[in-house]
């Protein structure tokens, strides 16, 4: 047995995996709520574009752990998070300010999701 298995830090059980993903969803959902609160000064068009862009990134991050093509979605989400400020800067009106915490929030959520998704897990056992 490996040392990590002996001290209970080996492969993640199915229950631990689900708890990690659920916890991330709850936590980052709340954080995004605070981040999006700073969009109150945006006009309707700009707010809609930020909302659509953010929702698209959230869905893509969730696909990392829900799709058989998890690596492809992880790469797509990484590219989307990296390019989102540039894309929105092009689309938004010149005076619109993108929430500065939006990109780091999505990047950390994605990084943690990828770490959990690609971490070793128990096979065939539920628990």
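Listing for the model above:
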| quantity | calculated |
| --- | --- |
| Rounded to 10°, Cα long-axis angle of helix 14-37 versus longest principal axis of the chain | 20 degrees |
| Relative intensity, log₁₀ I(q)/I(0), of the chain from a Debye sum that treats every alpha carbon as a point, q = 0.14, 0.17 Å⁻¹ | -0.67, -0.88 |
| Percentage relative contact order, the chain, counting C-alpha pairs under 8 Å, at least six apart | 45 percent |
| Between 0 and 90°, nearest 10: helix 44-64 axis offset from the chain longest Cα axis | 10 degrees |
| Rg to Rh quotient for region 54-107, alpha carbon positions, Kirkwood Rh | 1.04 |
| Mean residue ellipticity (222 nm) of the chain, computed from DSSP H runs ≥ 4 via -39,500 (n - 2.57), nearest 500 | -23000 deg cm²/dmol |
| Listed residues 41, 60, 113, most fluctuating in the chain (Gaussian network, C-alpha, under 10 Å) | 41 |
| Highest average packing first - 104-111, 49-56, Cβ atoms within 10 Å | 104-111, 49-56 |
| FRET efficiency, residue 41 to residue 83 (Cβ-Cβ, R0 22 Å, nearest 0.05) | 0.40 |
| Degrees between helix 102-117 axis and first principal axis of the chain (Cα, 0 to 90, nearest 10) | 20 degrees |
| FRET efficiency, 1/(1 + (r/R0)^6) with R0 30 Å, evaluated for residue 11 and residue 55 via beta carbons | 0.35 |
| Chain lengthening between residue 34 and residue 101 when straightened (0.36 nm per residue, less Cα-Cα) | 23.2 nm |
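None of the figures in this text is laboratory data; all of them are computed from the coordinates on show. This one's a predicted model, so the numbers in the text were calculated from it and none came from an experiment. Note that we place each Cβ from the backbone using ideal geometry, even for glycine, and neighbour counts take in every protein chain shown.
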